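Structure, as structure tokens:
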Amino acid sequence: MTRLADPASPLIAPALAAARGGPRLLAVRRRDKAVRHTAPHRHARGQLFGAYEGLLTVLAGDRQWVAPAAHAVWIPPDCPHGLRSHGPYAGYSVYLSAAAC
């Protein structure tokens, strides 16, 4: 059995997000009571993510976006990116295999 997420932290296992094979689509929801900061990283899958509560700043390449609740951001495969929330947030990430992008 492949573990998709760490039960203590509902995120996709980094090895699975970085894998070029595996399921075509992976999805997770997350709620944080504190500010979340994700250092710049990249993975083989495309990623669609957003918040349904809170506000996110997304850094991708040399660009920066602010994404309010009810908006989503698309990150293509292998694009360096990171994010931070502005306070507590609840959101989601959908990872698509490169072939599905």
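The values are calculated or read from the model by the stated rules, or taken from the named source; none is laboratory data. These numbers come from a predicted model, not from an experiment. Backbone-built Cβ (ideal geometry, glycine too); neighbour counts: all protein chains shown. Note: accessible area is taken over every heavy atom of the protein model, side chains too, but ligands, DNA and RNA are not part of it. Shrake-Rupley method; radii C 1.70, N 1.55, O 1.52, S 1.80 Å.
Please sort by residue number the chymotrypsin sites (Phe, Trp or Tyr not before Pro) in region 41-101 whose DSSP state is loop and whose Cβ has at most 15 other Cβ atoms within 10 Å.
In loop regions of region 41-101 (DSSP not H, G, I, E or B), there are no sparsely surrounded chymotrypsin sites (Phe, Trp or Tyr not before Pro).
Which value in deg cm²/dmol, rounded to the nearest 500, describes the helix-derived mean residue ellipticity at 222 nm for the chain, given -39,500 (n - 2.57) per DSSP H run of n ≥ 4 and division by the residue count?
Rounded to the nearest 500, the figure is -1000 deg cm²/dmol.
Could you report the accessible area of VAL58 in Å², rounded to 10, computed with a 1.4 Å probe on the protein chains as they sit in the structure?
0
What dipole magnitude, in Debye to the nearest 20, does the chain give about its Cα centre under +1 on Lys/Arg Cβ and -1 on Asp/Glu Cβ?
160
When the chain is fully extended, how far beyond the present Cα-Cα distance does ARG24 get from HIS71, taking 0.36 nm per residue of separation?
Full-extension gain reported as 14.6 nm.
Give me the percent of accessible area attributable to carbon and sulfur for the chain, probe 1.4 angstrom.
59
Could you tally the net charge around HIS43, taking each other residue with its Cβ under 13 Å from the Cβ of HIS43, Lys/Arg +1 and Asp/Glu -1?
Charge balance near HIS43 sits at +2.
What label, among (1) 16, 48, 27, 8, 0; (2) 16, 50, 31, 3; (3) 14, 42, 31, 11, 2, 0, belongs to P(r) over Cα pairs in 10 Å bins from 0, in percent computed from the structure on display?
Correct label is (2).
How do HIS71, HIS37 rank by accessible surface area computed with a 1.4 Å probe, from largest to smallest?
Per-residue accessible area, sorted high to low, gives HIS37, HIS71.
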